[in-house]
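Trainee: A single structure is presented below for examination.
The values are calculated or read from the model by the stated rules, or taken from the named source; none is laboratory data. Predicted model only: the values in this text are computed from it and were never measured. Methodologically, a virtual Cβ is constructed for each residue, glycine included, from the backbone with ideal geometry; neighbour enumeration extends over all protein chains shown. What goes into the accessible areas is simple: the full protein's heavy atoms, side chains included, and nothing from ligands, DNA or RNA. Shrake-Rupley method; radii C 1.70, N 1.55, O 1.52, S 1.80 Å.
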Amino acid sequence: MTPEEHALWLETGRLLFAGPIAFELGVADMAQLPHADVPEIALAGRSNVGKSSLINAITGRLKLARASTEPGRTRELNFFRVGDTLRLVDLPGYGYAKASKADSAKWMALTRDYLRGRPPLKRVLMLIDARHGVKPYDTDVMEALDKAAVTYQLVLTKADKVKPTEAEALVTATQAAIAKRPAAHPEVIATSSETGLGIEQLRAEIAALA
Ligand code: GDP
């Protein structure tokens, strides 16, 4: 990309998220999914990875996604409408230690059904805590996405909590680790909802899929 193209690419992302954005609905059942009329980008990650904070940072709306400290609230797929062109889908956080087995099984089934059978789904942003790196739970999800041929991109969260050199090293190591995964996007993005690191880039990536 030339500098001009890069600036235009970033501007497209900025404009997309400068327009109207609203919570549309929460879905606990496949029968309730909204009409599949616009592309969807879903966000997945372990509980507490910083998913709500990232959605709020991307959209520039501080309270759009609720911080998910309680497991009960986060069992649904939450759909956010971004203008006329896109939906962001907040998937239930996985790996919550205190969730009951029955609860875990239910959201896993719902999430899996959504991921496998949703034509407008363009990409899953798989969030990874920059302090912890990829964990076995994350690998399980990546394997499921590879099998379902759903493209996913790894996004490191809370990069402000590690040194810049450590964040860079984790980006490089993670890119190497996923290089052979069939459905993984090759580029890993380091972000911080606190400092805004990577947020412009993520907006632009999402806008390019809309
Ligand atoms: P979720 O469970 O994945 O939705 O995670 P939340 O967005 O609720 O964040 C979990 C915790 O991590 C909260 O205490 C946030 O304030 C904190 N957090 C989230 N993103 C960041 C970040 O980029 N930097 C820092 N330092 N803390 C963050």
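Trainee: Once neighbouring chains are kept in place and the probe is 1.4 Å, which whole percent of the accessible area of the chain is contributed by carbon and sulfur?
Mentor: Values: 5860 of 10670 Å².
Solvent-exposed carbon and sulfur of the chain make up 55 percent of the total.
Trainee: Near the amide H of residue 25, under 5 Å away, which other amide H atoms are found, from residues 5 or more places off or on another chain, if H is placed in the peptide plane?
Mentor: 79
Trainee: Which residue, 65, 144, 130, tops the fluctuation ranking in a GNM of the chain built on C-alpha contacts under 10 Å?
Mentor: 144
Trainee: Shifting gears a bit: Checking the cross-link filter: which aspartates and glutamates have an alpha carbon closer than 12 Å to that of residue 51, excluding same-chain neighbours under 8 positions apart?
Mentor: Residue 51 reaches 90, 129.
Trainee: I would also like to ask the following. May I ask which of 135/158; 122/158; 106/161; 135/161; 101/158 have a Cα-Cα span longer than 21 Å here?
Mentor: Long pairs (Cα-Cα over 21 Å): 122/158; 106/161; 101/158.
Trainee: Taking only protein heavy atoms into account and a 1.4 Å probe, give the accessible area per residue of segment 164-210 in Å².
Mentor: Details: 2500 Å² over 47 residues.
Accessible area per residue, segment 164-210: 53 Å².
Trainee: Pulled fully out, how much extra length does the chain show between residue 10 and residue 113, if you take 0.36 nm times their separation in residues and subtract their Cα-Cα distance?
Mentor: Values: separation 103, 0.36 × 103 = 37.08 nm, distance 3.31 nm.
Additional length available on full extension: 33.8 nm.
Trainee: To the nearest Å, what is the center-to-center distance of segment 163-210 and segment 24-60, using C-alpha atoms only?
Mentor: Each part's Cα centre sits 19 Å from the other's.
Trainee: Kindly provide the GluC sites (Glu not before Pro) of segment 156-210 that DSSP labels as loop, not H, G, I, E or B, and whose Cβ sees at most 16 other Cβ atoms within 10 Å.
Mentor: Working: sites: 166, 168, 187, 194, 200, 205; in loops: 187, 194.
Those satisfying the criteria are 187, 194.
Trainee: Next question. Once you compute Rg and the Kirkwood Rh from C-alpha atoms, what is the Rg to Rh ratio for the chain?
Mentor: 0.94
Trainee: I've got another one for you. Taking the Cβ of residue 142 as the center, what net charge do the other residues with Cβ under 14 Å away carry, scoring Lys and Arg +1 and Asp and Glu -1? Before the final figure, lay out the partial values.
Mentor: Numbers: positive: 46, 112, 123, 135, 147, 180, 181; negative: 138, 140, 143, 146.
Net local charge, residue 142 excluded: +3.
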